[in-house]
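Right, one structure below, let's go through it.
The values are calculated or read from the model by the stated rules, or taken from the named source; none is laboratory data. Note that the structure is predicted; figures quoted are calculated from it, not measured. Counting neighbours? That spans all protein chains shown, and the Cβs are built from the backbone with ideal geometry, glycine included. Ligands, DNA and RNA are stripped out before the accessible areas are found, and what is left, the full protein with its side chains, is counted by its heavy atoms. Shrake-Rupley method; radii C 1.70, N 1.55, O 1.52, S 1.80 Å.
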Amino acid sequence: FAACTPEELAALRRIVARIRLAPPRRRTRRSETARRGRVPDPRRTVRAMMRTHGDPSTLYWRRRRPRLRPLILIVDVSGSMADYSRNLVQFAYSASRATTRVEAFCFGTRLTRVTRALHRRRADDAMEQAARTVVDWEGGTRIGDSLDTFVRRFARRGVCRGGIVVICSDGLDRGDPQVLATAMERLHRLCHRLVWMNPHKGTNPDFRPNSLGMMVAAPYIDLLVSGHSLHSLEEFAALLPELS
């Protein structure tokens, strides 16, 4: 994204807007009827027997009902992420249009919820509303304080329970490293999978974090991916359903 011209970025945003995400599913405690399974459905089976005057006819089954896992996208919009933040927020917009169980947040020096701002029919309108909502766009970076706010105000209330949390940031934090470590440890316990999308990873399979924020957060990250190009976003969209 950093090497694209303004015309190429405009074309990329139109392509990103068409990406459709499919979050992984989990089995709930509720059940539903199924053609095959291991658990019989006695109610439907008995009703079918009553229609045949008690003669055994068809054995019906039930299975545990699947449900989409919540997807939470937390995008760094500080000055160091200026080349990538708009495209990553556009990616969050595409996710919100693909499924209803999506929460989107932006942070620089503070955390801002932009879920409602992205609920627009046109991508340009959604991006304009998100830019108005976030007051610290392309400012400083306080990852630890922002994640701590997310844990206290949202995660503890069940927003990310059983969900996939994706943090999009380069890890350049100017706050207290201990605050970041505590927030990451709590967030890792509250969600199902914790993914970190770092544009500096690029296509390097041997990438090792060299910023203080990334080194502090690394022990709590389940998956480290890149988000520097359209291809990397498409790869993550294909990988997402497998994070069950």
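Out of the residues in region 104-124 that are modelled with pLDDT under 90 and open to solvent by 10 Å² or more (accessible area, probe 1.4 Å), which is nearest to the chain's Cα centre (by Cα)?
Going through the qualifying residues, I end up with H119.
Within the set of pairs 6 or more residues apart or between chains, which connect a residue that is touching a residue at least 40 places away in the same chain (Cβ under 8 Å) inside region 143-163 to a residue that is buried (at least 21 other Cβ atoms within 10 Å of the Cβ) and among the basic types (K, R) with Cβ atoms less than 6 Å apart?
G162/R69; G163/R69
Restricting region 55-72 to residues that are touching a Lys or Arg at 6+ places or on another chain (Cβ under 7 Å) and assigned to a strand (DSSP E or B), which is nearest to P40 (Cα to Cα)?
W61
With respect to G79, is the statement that it is at pLDDT 85 or above, of a type outside the set (S, T, Y) and farther than 23 Å from R153 by Cβ true?
yes
May I ask you to list the residues in region 38-59 that are of a type outside the set (A, V, I, L, M, F, W, C), open to solvent by 90 Å² or more (accessible area, probe 1.4 Å) and touching a helix residue (DSSP H, G or I) at 6+ places or on another chain (Cβ under 8 Å)?
Scanning region 38-59 gives D55, P56.
Answer yes if at least one residue in region 103-115 is farther than 24 Å from R69 by Cα and of a type in the set (F, W, Y), and no otherwise.
no
Provide a single number: the residues in region 32-86 that are within 30 Å of G108 (Cα to Cα) and not charged (D, E, K, R).
Of the residues in region 32-86, 15 are within 30 Å of G108 (Cα to Cα) and not charged (D, E, K, R).
With the requirement that a residue be assigned to a loop (DSSP other than H, G, I, E, B) and surrounded by fewer than 17 Cβ atoms within 10 Å (Cβ to Cβ), what does region 1-17 give you?
A2, A3, C4, T5
Could you check region 125-244 for helices (runs of 4 or more DSSP H) lying wholly inside it with 2 or more residues that are open to solvent by less than 20 Å² (accessible area, probe 1.4 Å) and under 30 Å from R67 (Cβ atoms)?
Filter on region 125-244 gives 143-153, 177-190, 230-239.
For the condition farther than 30 Å from N198 by Cα and either in contact with a strand residue (DSSP E or B) (Cβ under 6 Å, 6 or more places away or on another chain) or open to solvent by 70 Å² or more (accessible area, probe 1.4 Å) (or both), what is the one hit in R20, R26, R35?
R35
Go through region 60-93 and give me each residue that's open to solvent by less than 50 Å² (accessible area, probe 1.4 Å) and of a type in the set (D, E, K, R).
Across region 60-93, the qualifying residues are R69, D76.
Does F105 fit the bill of being touching a strand residue (DSSP E or B) at 6+ places or on another chain (Cβ under 9 Å), part of a helix (DSSP H, G or I) and within 25 Å of D173 (Cα to Cα)?
Judged against the criteria, F105 is not a match.
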